[in-house]
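Colleague: Take a look at this one; I'll ask things after.
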Amino acid sequence: RKINVESDAEFISILPIAVQAFEMEIIPANRIVAQIGETLILTCNTTGCASPRFSWRTQMDNPLGGTVSYHGTYSTLTMNPVSVVNSHEYLCTVFCGVKDKKEKSTKVELYSFPSDPIIEISPSLVAGEPVTVTCKIPDVYPSDHLEVVLKIEEHVLHTEYFYEDDAIDTETKTVTYSFNPKAKDIGKDITCMAKLPIANMDFEPKERETSQKLNAIFGPQNTTITASPGKSPIEGTTLKLTCVTDSNPPARIIWRKHLADDSIQQLIENNVLFIPHARFTDSGQYICEVINSVTNKTEKATVDIVIQDGPKNTMISVIPSTAVKEGETVMMKCTSSGNPAPVISWKKTAATGESEEISKDATLTLQNVKSQDLGLFECEAYNQFGKEVKTVKLLVQVPPQNITVLVYPSANVKEGENVTITCSTYSNPPSQMVLKKVHQEKEIILPSLNGTFILYNVTKNDAGRYLLGVFNEVGNNIKEIEIAVVGRPEKLDQLLPLIIAFSCVTAIAVPVVAILIYVSRKAKINGSYSLVKALRLKV
């Protein structure tokens, strides 16, 4: 709707829009102290300009000595690694649009003091002879600010300054000093102290030192071995063996192991021997051999390491074998490795399935074994770190015995009947059985798997003596059976029709005779005999 400014009570308020000014900065700002060899990144950052353009240069237009990258509203100059060519004042110029331009600078100041001095002492054979001390300060810059002090304990032996040094890059500076030590100086520390005091440069450290004892040439001597966590660590832990000796100059240290076959295995050349995840096979004698090439002397130290673990490699050996004949002697031996040495016990599984302990010796001897000795034997090896179980099945071989033979219906049968012969026995392994008739022209052998033989429809030819053979791998037995067969009457087949005819005639004649007797009696009473009448009356 239209707004009438004069008559309408509504007012329109127009607020100014804030516009951010174009600015820039360099990070780090003003003055930078960097160590040669490290990485330095300068960042030129802008605000208030959507598409700035950047330019990097040194104050004297020297090479940048770095890599420039652009990231929209900021740019970076990366010096990796920093070197002496980066000792400049760096200027970053930023253009925004056509007319706007800003620039700022920062100064990079360099130093190098990366490590402690290295001290070397050429020791005397005896006290009183000259000793030369050499101190090296690696990769120092600027060396014209370097100060080096050599001292024994708190007594200053020598001080050297490098104020006149004109090196333009990092250098290793060396200070050498010779003197005649006194007897009281032997065993004291000689210290090389290096200082790099540069005014208005904030870095640490500005002072480094290294010490070494002043000793005459000797050794090796007092060689010892320490084992951590101990000489009997638990399997799986890391074992650390440290060899320490007194020797000047420092001795060469070689680790060896004495193997089970009396040979020596060389391991490493170091004063510390690490065995990560130690195993039982790492047990044995370790030898630390120290050699001083100057004195031409050698010394050895040994340590016996036993790794503690649960039973392993448990084995059962059976003599003569796991299958023996009844009455023989069996020896079962159980062996196991572990530390502490595993305790051995023997158990036997009963018929109920439960195990019963029968011995606590590593060797179990069964004399004159019986069939009841067969079964599952269990060797258990155990110590405080665990247990391991191995089993062996003992088979006692028994020849056939307690043989029982049953003949059904009996040993005397009639022709045409069936004869069942059943044999039962105890043996191990199970027996096989065969039935054979004696003195038969054509030998017939009947095998059986379940101990039952059947002779069907026997005749007189089946009568006679039979041999029942029972055998297995370890023995055999034979039982004799006498079977008698009774024959049928020879003319029974010829008489059978006559017997049937006679039976039929008899069945008819008996009623007829009865009727005749009845009629005769009636005739006597009546004085006459009439077969027809009599028959009618009967009817």
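The values are calculated or read from the model by the stated rules, or taken from the named source; none is laboratory data. In this text, all values refer to a predicted model and were calculated from it rather than measured experimentally. Note: ideal-geometry Cβ built from the backbone for every residue, glycine included; neighbour counts use all protein chains shown. When the accessible area is computed, the model is the full protein with side chains, heavy atoms only, and any ligands, DNA or RNA have been set aside. Shrake-Rupley method; radii C 1.70, N 1.55, O 1.52, S 1.80 Å.
Colleague: Ignoring ligands, DNA and RNA, how do K206, K213 rank by accessible area with a 1.4 Å probe, largest first?
Modeller: Ranked from most to least accessible, the order is K213, K206.
Colleague: Can you send over the solvent-accessible area of F54, 1.4 Å probe, protein chains only, in Å² to the nearest 10?
Modeller: 30
Colleague: Once both labels are modelled 7 Å past Cα along the beta-carbon direction, what's the T238-V156 spacing in nm?
Modeller: 4.5
Colleague: In square angstrom, what is the accessible area per residue of segment 219-305 with a 1.4 angstrom probe?
Modeller: On a per-residue basis, segment 219-305 sits at 55 Å².
Colleague: Karplus couplings for segment 60-70 from phi (6.51 cos²θ - 1.76 cosθ + 1.60, θ = phi - 60°), rounded to Hz, Gly and Pro as x?
Modeller: 9, 6, 7, x, 5, x, x, 10, 9, 10, 10
Colleague: Let me ask something else about it. State in Å² the accessible area per residue of segment 309-397; use a 1.4 Å probe, count heavy atoms of protein chains only, and round to the nearest integer.
Modeller: It amounts to 55 Å² per residue over segment 309-397.
Colleague: Which value, in Å² rounded to 10, gives the accessible area of R252 with a 1.4 Å probe and all protein chains present?
Modeller: So the heavy atoms of R252 present about 120 Å² to solvent.
Colleague: Going by accessible area, probe 1.4 Å, with all protein chains left in place, what is the ranking of F453, F162, largest first?
Modeller: Reading off the accessible areas and sorting them downward yields F162, F453.
Colleague: What percentage of the solvent-accessible surface of segment 118-216, computed with a 1.4 Å probe over protein heavy atoms, is contributed by carbon and sulfur atoms?
Modeller: The C+S portion of the solvent-accessible surface of segment 118-216 is 47 percent.
Colleague: Protein chains only, probe 1.4 Å: how do H258, H277 rank by accessible area, largest first?
Modeller: From most accessible down to least: H277, H258.
Colleague: Which entries in the list K151/K195; K257/K387; K107/K206; K151/K182 go over 19 Å, if you measure between the two C-alpha atoms of each?
Modeller: Correct reply: K257/K387; K107/K206.
Colleague: Can I ask one more? Using a 1.4 Å probe over the heavy atoms of the protein chains, calculate the carbon and sulfur portion of the accessible area of segment 219-305 as a whole percent.
Modeller: The computed percentage sits at 48.
Colleague: Largest first and in whole Å, what are the equivalent-ellipsoid semi-axes of segment 227-344 based on the Cα gyration tensor, each being the root of 5 times an eigenvalue?
Modeller: So the equivalent ellipsoid measures 43, 16, 9 Å along its semi-axes.
Colleague: Just to compare against my own numbers: the Cα pair-distance distribution for segment 78-118, 10 Å bins, whole % per bin, please.
Modeller: Going from the shortest bin to the longest, the percentages are 21, 34, 25, 13, 5, 2.
Colleague: Provide the net charge surrounding E89, with neighbours chosen by a C-beta distance below 15 Å and charges set as Lys +1, Arg +1, Asp -1, Glu -1.
Modeller: Neighbour charge sum, excluding E89 itself: +1.
Colleague: So how exposed is I264, as accessible area in Å² (1.4 Å probe, rounded to 10)?
Modeller: About 90 Å², rounded to the nearest 10.
Colleague: Another question, if that's okay. What list of ³J(HN,Hα) values in whole Hz, one per residue of segment 99-110 in order, does the Karplus curve 6.51 cos²θ - 1.76 cosθ + 1.60 (θ = phi - 60°) give from phi, with Gly and Pro shown as x?
Modeller: My calculation for segment 99-110 gives 9, 6, 8, 9, 8, 9, 9, 9, 9, 9, 10, 10 Hz in order.
Colleague: Give the carbon-plus-sulfur fraction of the accessible surface of segment 409-486 in %, rounded to a whole number; probe 1.4 Å, heavy atoms of protein chains only.
Modeller: C and S fraction of accessible area: 50 percent.
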